[in-house]
1. Using a/c under 1.5 as the rounded threshold, could you call the range 488-641 rounded, prolate or oblate? The axes a ≥ b ≥ c are square roots of the C-alpha gyration tensor eigenvalues, and prolate needs a/b larger than b/c, oblate otherwise.
2. Ratio to report: Rg/Rh of the range 410-565, with Cα atoms as the point set and Rh obtained by the Kirkwood method; give two decimals.
3. For the range 78-316, just say rounded, prolate or oblate: build the C-alpha gyration tensor, square-root its eigenvalues into a ≥ b ≥ c, call rounded for a/c under 1.5, and beyond that prolate if a/b exceeds b/c, oblate if not.
4. Could you check the simple spin-label distance between Glu643 and Glu539, using points 7 Å along Cα→Cβ, in nm with one decimal?
5. Under 8 Å for C-alpha pairs, at least 6 residues apart: give me the relative contact order for the range 236-360, rounded to a whole percent.
6. For the range 602-669, taking Cα atoms only, what is the radius of gyration to one decimal and the Dmax to the nearest whole Å?
7. Amide H neighbours of Ile148 under 5 Å, counting only residues 5+ apart in sequence or on other chains, H built in-plane at 1.01 Å?
8. Using Cα centres only, tell me the gap between the range 392-447 and the range 605-654 in whole Å.
Amino acid sequence: MPEKTTSARRRAQELRAALDEANYRYYVLDAPTISDAEYDALLRELQTLEREHPELATPDSPTQRVGAPPLQAFPPFQHRHQMSSLGNAFSEEELRAFDARARKLAGRGDFVYAVELKIDGLAVALHYRDGVFERGGTRGDGHTGEEITANLRTVRSIPLRLRGEVPPFVEVRGEIYLKLSDFERINAQRANAGEPVFANPRNAAAGAVRQLDSSITARRPLSFWTYQLAGSEPELAIASQVAALQQCAAWGLPVNPNVRRIDDIEGVIEFCNQWEGRREELDYEIDGVVIKVDDLALQGEMGSAGREPRWAVAYKFKPREAYTKLLDITVQVGRTGALTPVAILEPVVVGGVTVRNATLHNEEEIARKDVHVGDVVIVRRAGDVIPEVVGPVKERRSGKLAPLYKVPARCPVCHAAVDRPEGEVVYRCTNASCPAQLKERIRHFCGRGAMDIEGIGEQLASQLVDSGLVHDIADIFALTGERLAALERMGTKSAQNIIDERERAQERPLWRLLNGLSIRFVGSQNAQILADAFGELTELENASVERLTAVPGIGPKIGQSVWLFFQQPQNRKLLQRLQATGVRTSQPRRAMQAAAGVAGKTFVLTGMLPHLTREEAGAKIVEAGGKVTGSVSKKTDYVVAGEEAGSKLTKAQELGIAVIDEAALLELLGSSGAGA
């Protein structure tokens, strides 16, 4: 046997063993030890090997089946038709390649696609006899799963009886999942009880639905989405996937609302890209988009290739979670002096970005999550937020654990004493002149939400402090082009661009300056409220706590913080220096046009409004004496919902909070909009 073939055979055996073990831990134990991205990479390597060496393909290869055998503790659930798994696409090019194959196989190009969000949960099949739920099971190996009927009966979103005219027998398939809001609540309860928290919603849902004791399942608020009408007796005259889902919805089965018919692959790609950027809006996890030929008859003609139907593909989003090794823990000192533990990681790609560092939040979180240096950990990156360590993969621990991390007693940058204010979990450096705080303050001051001096980011801020050119934010306005150009990696043109940006920044309104000063509890919204109310920086400097808290939207905690900031001599000196550089310290004073239905109320904005942007709507609410927050809670008075509102709308409905549209908001404001 040629050496190349022997090597390929050996590698194929290694890959099969690794994939079989991963399948067992994922589907049977619900305790995965590798990430989805790692699994996909191993499977694709094996598929390539078997394609290049057909003699290596075996009937029991992971490329030929789905999942793993059922647990012996559950009765077997025989599927009437194979419960297939989908092939994956990871790029626009792979989606276009799928489209070309599908059109060639169909022999025509006039069909449309049905596109659906890919729910990250546990696939199940449900049987209904005479409209009544009879039995249900997991996917298992695609032919035989585990019967979990008693557990499925506890899932409230699965109807026990279908509505309307129903054939004598119906089989539907769908996904069991756990809402993110429920997942967070369960983990909080488990943490308070001293129990280990779940790593992610999918594992929590899978573990719950496959409990031998169904009363345990009943205590978890599981949910269900239907994604397929798998069969009926007699067979119904339904022509398309979308029509089949509409029929399921008519029977009372939950169907995800984000299902679309799309004419061409470019429209499909646009849908995929849109939802990859919007998945944070949902109250459940999605890890991609499922694309199917909509015509059911054409699906039958196209058939399957081994484990995968030829008429469908799953476009996988860039993973937001990955597994990697925690090499060390260090401390980052923020602009308010907060010491934040940071995980130093073996580089890993998460969400299309190579991650080397991730936040561990605080010492209490490290202990609660039981994270130790040397652990293999789960790293999550959601949207544009800083990556975080979710927790350890305890199954991959070996040897003696390193001690739990403790925040140092002295600041690692300036060596000043570290203090933990009463009632807080965060430790803070006590030195207001700490260089680390200064770097962060400069970066924030020059950021988009503040003075917006493009070009001064984290790297340049560090250079300016380390070189001794900047000792406080006022020094930024004393920099010359020559001094900037002399810095490493800074040419004359780049230096002049920064000088030009800085001159434009001097004309920014007062609220941007206030936001840039890093006053505790004063972000862009509170900065606008204060600037509108006082108009002049000197007026604000001399305001009492009572006068500050009399401003609608400024509570005692914010008022006290602002007052304390202006009482510090070093802060007053800084403001005098800023004024001397020509920075604008006033803006037109705007009287609050308090509206009875808005003043003192808390609003949350979600979705796309017909005429106003969210920023415009938020500004009008603030001007009328209201408050805008980013999350829905019991303290929220109104949720203003536009088109394609996401999980915030869902949570508002669950909490019984009033939901209004743009027209109702303008009516509350008392005109076409306060301050218009």
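Bear in mind that the values in this text are calculations on the coordinates, not laboratory data. Nothing here was measured: the structure is a model prediction, and the numbers come from that model. Neighbour counts are summed over all protein chains in view; Cβ atoms, including those assigned to glycine, are modelled from backbone coordinates with ideal geometry.
1. oblate
2. Result: Rg/Rh = 1.01.
3. Oblate, because a/c is 1.5 or more while a/b does not exceed b/c.
4. Label-label distance for Glu643 and Glu539, simple model: 4.1 nm.
5. RCO, the range 236-360: 17 percent.
6. Cα radius of gyration and Dmax of the range 602-669 are 10.7, 29 Å respectively.
7. Correct list: Gly136, Gly137, Thr138.
8. With the range 392-447 and the range 605-654 each reduced to a Cα centre, they are spaced 35 Å.
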